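Chemist: After the structure tokens below, expect a handful of questions from me.
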Amino acid sequence: MCGIAGYIGTKSAAPIILDGLSRLEYRGYDSAGIAVFDGEKIHMKKAMGRLRVLDELTRHGADMPGFCGIGHTRWATHGCPSDTNAHPHMNEENTIAVVHNGIIENYARLKKRLEQKGCHFVSETDTEVLAHMLTEYYNGDPVAAIEKVMHRVEGSYALGIMFLDHPHHIYAARKDSPLIVGTNDSGKFIASDVPAILHHTRNVYYMENEEIVCLSNEHIRFFNIDGEAIAKEAVTIDWDIHAAEKGGYEHFMLKEIHEQPKAIRDTIFPRIKKDDIDLSELGLEEAEIRRLKKISIIACGSAFHAGVTGKYVLEGLARIPVEVDLASEYRYRDPIYERDSLVIIVSQSGETADSLAALREAKAHNGKVLSIVNVVGSSIARESDAVFYTWAGPEIAVATTKAYSCQLAAFYMLAMKFAQIRRTVTAERFDALLNALRLLPEQIEGLLSQKEKIQFFANHYLATEHIFFMGRGIDYALSLEGSLKLKEISYIHSEAYAAGELKHGTISLVEDGTLVVAVATQDALYSKTMSNIVEVKTRGAFVMGLTTLRHQDMENCADYVLYVPETENYFMGSLSIIPLQLFAYYVSLGRGLDVDKPRNLAKSVTVE
Ligand code: AGP
């Protein structure tokens with residue numbers, strides 16, 4: 001969701017910035033822009049649509065000479081996608097240029113005040129107020145002006161700023177929206193996310209909330225919101241550069257689906273020691289785990305769906321009551337905080353605005369927060385009491401696959417460890433679960449090798465308008481994710497239903513030929529879901545069943561059956577999600593859609 005790339009150094013800035021922005025395309029955007037300082041003037045070009053439009057407009061940056069510049073990909077919040085609303089935004093004198101990720105919540109009030117003072121606004125964005133405010137407070141000292149603006153705006157921001165009378169300088173600041181600073185022999189960079197600069201450097205500084213930075217050819221200087229100089233340590237990014245590239249696959253999503261066995265191995269095996277699970281990294285005391293009376297899992301989207309599975313597994317194994325909330329609901333529902341409870345925030349990006357706000361809400365009530373996060377150093381990771389990192393590596397496709405799978409694995413490990421400590425499973429049962437856990441990556445590899453079968457089936461459903469997913473228990477949790485995957489990349493309307501709930505209303509939508517994907521992998525619930533399959537069949541549905549080999553009798557009822565291998569019932573979701581991810585992928589591919597960058601969506605939703 002919005003991207004920032006900036007460069008100052010000895011090379012031409014525009015091609016570096018355009019390349020940086022292209023590596024952030026996966027985050028979702030609808031327009032792009034760039035401002036480059038040629039030593040005398042700040043030149044700006046903006047274009048609605050894909051980055052290639054801006055690239056062509058600037059002849060790959062060749063038309064914008066200069067060694068210092070900032071660029072932006074915008075995902076519209078205030079004002080429709082348009083050339084005018086695209087960033088950068090400049091003041092009326094064209095002496096200050098700003099790019100901004102985030103939302104200025106009090107912009108309407110600020111705008112009114114500025115208009116009363118005679119400022120003329122050209123865009124509908126919240127960002128433009130920043131350019132005008134900087135002008136208002138500027139007296140030759142950029143840091144002092146930025147500081148004053150930061151004290152007056154409410155909301156979230158990562159900013160890149162250039163001042164005409166400070167040639168060869170870039171200024172940046174952040175609050176609640178990620179921003180990093182990179183450095184190499186040729187120059188210095190700002191970026192909203194690591195992939196933008198990974199080709200140039202691994203040497204980065206993570207900006208913290210309410211910090212300002214000034215980059216010039218000679219130095220990098222950091223300041224706090226009061227303008228006091230502060231020292232920061234650079235860290236080395238150890239991402240594999242190829243992990244952020246397609247590596248021969250047609251799409252990032254397909255690559256990431258195939259990376260799941262490795263991602264799960266990387267997440268679970270370092271934590272399995274001597275036939276036991278070692279979660280000492282979390283710093284949770286055994287006594288604390290034994291005392292736990294409630295767990296609240298809070299997340300958005302797919303991470304929420306992982307949390308729904310987490311509820312079944314944690315309650316089933318560790319016998320702790322679990323509630324699961326959408327972060328956007330939790331933060332406003334005045335939840336009840338109790339002693340001896342644990343809040344678990346789940347997030348791939350670690351930057352999702354609602355999840356971060358829920359975390360802060362919980363912390364404000366003295367809640368202990370454990371987060372399950374994929375991005376090291378992200379805001380959610382930094383603000384949590386403990387972090388269970390999922391080692392999925394960079395996930396580029398907007399539709400999450402490998403991070404979701406690792407979140408499931410994280411819940412299995414937490415549930416098993418909590419169960420062991422609380423003595424709600426026997427040693428034998430723990431060993432059986434651990435063996436099953438170790439086997440999951442291999443079993444997923446087996447499923448991936450059958451992808452043609454799913455492609456064949458998907459190709460028959462390219463023109464369908466509605467699809468229902470149904471299941472019970474963990475199969476229901478799984479259906480939620482299968483349905484979301486399909487919706488987000490194929491644009492086919494679909495709904496996931498707890499199978500028993502279908503007849504309380506939704507079954508009226510089932511008619512001749514309606515596709516119903518029925519997931520029935522839970523032994524104890526199999527016959528119940530079979531009854532629901534019969535109900536929809538009777539109303540004309542075409543049923544694709546998903547079950548295990550021991551339930552081949554499903555073929556007597558469903559029209560098409562896909563099988564997944566046996567594992568512990570609690571872990572079934574890790575296997576049954578694979579065909580559903582592939583189904584969504586092949587439907588999207590067959591419909592000729594942009595699989596990795598579906599319309600209107602952003603990889604990381606950093607605004608409310
Ligand atoms: C998943 O495919 C989605 N793109 C989306 O629902 C995502 O899971 C959600 O926005 C949460 O993101 P996070 O895990 O980065 O917090």
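Chemist: So in the chain, what percent of DSSP beta bridges are antiparallel if you round to the nearest 5? Please list the in-between numbers first.
Modeler: On the way: 63 of 106 bridges.
That works out to approximately 60 percent antiparallel.
Chemist: Can you list the lysines whose alpha carbon sits under 19 Å from that of residue 117, skipping same-chain ones fewer than 8 residues off?
Modeler: The qualifying lysines are 148.
Chemist: At 1.4 Å probe radius, can you tell me the per residue accessible area of the stretch 1-111 in Å²? If you can, show how the numbers build up before the last one.
Modeler: Working: 4000 Å² over 111 residues.
That works out to 36 Å² per residue.
Chemist: Determine the shape class of the stretch 56-172: with a ≥ b ≥ c the square roots of the Cα gyration tensor eigenvalues, call it rounded for a/c under 1.5, and otherwise prolate if a/b is greater than b/c, oblate otherwise.
Modeler: On the way: a/c = 1.71, a/b = 1.21, b/c = 1.41.
Oblate.
Chemist: What are the aspartates and glutamates whose alpha-carbon lies under 13 Å from the alpha-carbon of residue 232, with same-chain residues fewer than 8 places away excluded?
Modeler: Result set, ordered by chain and number: 208, 211.
Chemist: Taking only protein heavy atoms and a 1.4 Å probe, what accessible area per residue, in Å², does the stretch 427-568 have with all protein chains in place?
Modeler: Numbers: 5890 Å² over 142 residues.
Here the per-residue accessible area is 41 Å².
Chemist: Heavy atoms only, probe 1.4 Å: what % of the accessible area of the chain goes to carbon and sulfur, would you let me know?
Modeler: Values: 11290 of 22920 Å².
Exposed carbon and sulfur together represent 49 percent of the surface.
Chemist: A further question follows. Measure up 293/503; 255/417; 41/111; 487/597; 262/528 against 24 Å on the Cα-Cα distance and list the ones that go over. Spell out each step's value before the answer.
Modeler: Details: 293/503 35 Å; 255/417 31 Å; 41/111 26 Å; 487/597 13 Å; 262/528 35 Å.
Beyond 24 Å: 293/503; 255/417; 41/111; 262/528.
Chemist: Another question, if that's okay. Considering only DSSP beta bridges with both partners in the stretch 252-357, what is the antiparallel share in %, to the nearest 5?
Modeler: The antiparallel fraction comes to roughly 15 percent.
Chemist: So how far, in whole Å, is the C-alpha centre of the stretch 204-271 from the one of the stretch 296-329?
Modeler: The stretch 204-271 and the stretch 296-329 have Cα centres separated by 28 Å.
The values are calculated or read from the model by the stated rules, or taken from the named source; none is laboratory data. All figures in this text were calculated on a predicted structure; none of them were measured in a lab. For the accessible areas, the whole protein counts, side chains as well, though only heavy atoms, and no ligand, DNA or RNA atoms are used. Shrake-Rupley method; radii C 1.70, N 1.55, O 1.52, S 1.80 Å.
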